[in-house]
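The structure appears right after this line, and notes come after that.
What follows draws every value from the coordinates through simple rules; no lab data is involved. What you are looking at is a predicted structure, and each value in this text was computed from that prediction instead of being measured. Every residue, glycine as well, gets a Cβ built from its backbone with ideal geometry; the counts of neighbours run over all protein chains shown.
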Amino acid sequence: MQFDVEELEGLKRKIHITIPEEVVSKRVNDAYKDLNKKANIPGFRPGKIPQKILEKQVPMQSFTEMFQELMQEYYEQALQKTGLRPTGQPEIDHSGMQDIKRDEPLKFAVILDVKPELKVKNYKGLKFKKMEAVVKDEEVEETLVKVLSRHGSLEEMPPGHKVQDGDILTLDFEGSMNDQPLENGSANDHEMRVGEKKMIPGFEDQLIGHVQDEDFEIKVVLPANWNQKMRRISFPIPGADEKQEDDRATFKVRIKKIRTLHLPELNDVIAQREGFDKVSDLRRAIKIDLQNHKEQHEELRIKEDIFNMLVKDAEMEPPESVIERELNFMVEGMKFQIAQSGMKLEDSGFEPEKAMKEFREKAIFNTTGYMMLEAIAAAENIHLTQQDMETEYELLAKQTKQKVEDIQKRIMSNPDSLAQTTTKLLGQKTMNFIYANCEIEYYKEGEEPEKEKEAGS
């Protein structure tokens, strides 16, 4: 085998590969022998057809699968000998297939992006301030009220009743911004409980004091990226420190029904309905759950800081093919979320082509961080195991309510999906390693921590 590596722009390489004529001739002959056993030509028994007749009926260019396997085999050999580490899907030039001859070498070329050679420094011994996960009694009581609400009874309020904190409303609302309809900002017969803070900040507060069948307006400030729902599960959210101006929106509101919830007394019967023997057991479980939530929130915050730091320290951007793959992942993720909501893509206002442009900066941010994490994984000999993959299949199956085997088959059959999954999992595993090697100093809630972080060796 002969090969030659041509350096193109950036991290792109082109490998020119020549497969010896004797190899080509043998593979072609073997392909015709296999075909001879299966072919059905009048006047000849299977396996006894003269090869010249077969060649007239089936030209060697028809053995597409055989030639693809042959080129893949020699491409992998070239990678081993050159030491190149590809990333993304390679582009194979098949033009040589048109004029291929049995007694001549087969020449083809492969264009690929290669992984950059990175040496990440200062990722061990990072110093961070972390808030202690302390749960106050009032936080437990607030959660108990939510538990009791699941066992309460509803009473519809008479006309003239003014909305109070805790009331359950059925309402219609129509949002607009700059006199234009607000995307995903309108609903009919929407049910909500005042005070749960599930609506846009400021929305619920302005409902208080209004009555049934009243038409009124609510004006709120929309947080930056308020309608950007693209998120990575259990991984630092790229671009978390982006600053954008707030948007202002107006909602026309009509309250159609007001109900109030009567809570039952907290006793062992309620605790048993929730799966506990006594109220004390229920309280203890709530406190532990709240403590774990606070701990996880602080851990995620620190991991986001680490991710941002890695991106900032990167000396180069990832290959274009990797960025494109991430963009496709983000766009397909949005399509999936829209489909899960029951909305048609054409009715959602989501424009994939426009999103590809808008998401590009974040895609570069994401892939730069993953590239740095992969370099650390290589330096620390961190690898994925079969158990890591199986755990991910089970998690995705639970989230999407699909069978584990269907999830596994879909990921394994799609090279881009497999690459995206392994990149995410390896990144998570490496991030956990970095976090475990941080030097953490705790502070109490209400204290102002120092923002500086120092790196060790």
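Figure the gain on full extension for VAL140 and ASP388 (residue separation times 0.36 nm, minus the Cα-Cα span) and round it to one decimal in nm.
Working: separation 248, 0.36 × 248 = 89.28 nm, distance 3.48 nm.
Difference between extended and current length: 85.8 nm.
Placing a label point 7 Å from the Cα of PHE433 along the Cα-to-Cβ direction, the residues of segment 339-378 whose backbone N falls under 11 Å of that point are 373-378. As I understand it, the value is the acute angle between the Cα axis of helix 415-436 and the longest principal axis of the Cα atoms of the chain; what does it come to in degrees, rounded to 10? That helix lies at roughly 60 degrees to the long axis. Highest mean packing comes first when the peptides 76-89, 152-165, 372-385 are listed by Cβ atoms within 10 Å, giving 372-385, 76-89, 152-165. Here the chain has an Rg and Dmax of 30.7, 96 Å, counting Cα atoms alone. Toward the positive end of the charge dipole of the chain, with +1 on the Cβ of Lys and Arg and -1 on the Cβ of Asp and Glu, the farthest Cα among GLN272, THR400, VAL147 is that of THR400.
How far is helix 320-340 tilted, in degrees, relative to the longest principal axis of the Cα atoms in the chain, given as a value from 0 to 90 rounded to the nearest 10? Between helix and principal axis, roughly 50 degrees.
Starting from 0.36 nm per residue, how many nanometres of slack lie between ARG410 and PHE216 once their C-alpha separation is accounted for? Each step should come with its number before you reach the end.
On the way: separation 194, 0.36 × 194 = 69.84 nm, distance 4.93 nm.
Result for the pair: 64.9 nm of gain on full extension.
Share of pairwise Cα-Cα distances greater than 20 Å in segment 311-457 is 62 percent (whole percent). How far, in degrees from 0 to 90, does helix 360-379 lean away from the longest principal axis of the Cα atoms of the chain, to the nearest 10? The answer is roughly 70 degrees.
If R0 equals 22 Å, the separation of the Cβ atoms of ILE41 and GLN61 corresponds to a calculated FRET efficiency of about 0.70.
Highest mean first, the peptides 188-201, 32-45 sorted by other C-beta atoms within 10 Å per residue fall in the order 188-201, 32-45.
Which of LYS127/LYS429; LYS127/LYS287; LYS362/LYS401; LYS12/LYS107 have a Cα-Cα distance over 23 Å? Show your work: numbers first, answer last.
Working: LYS127/LYS429 20 Å; LYS127/LYS287 28 Å; LYS362/LYS401 29 Å; LYS12/LYS107 20 Å.
Too far apart for the 23 Å limit: LYS127/LYS287; LYS362/LYS401.
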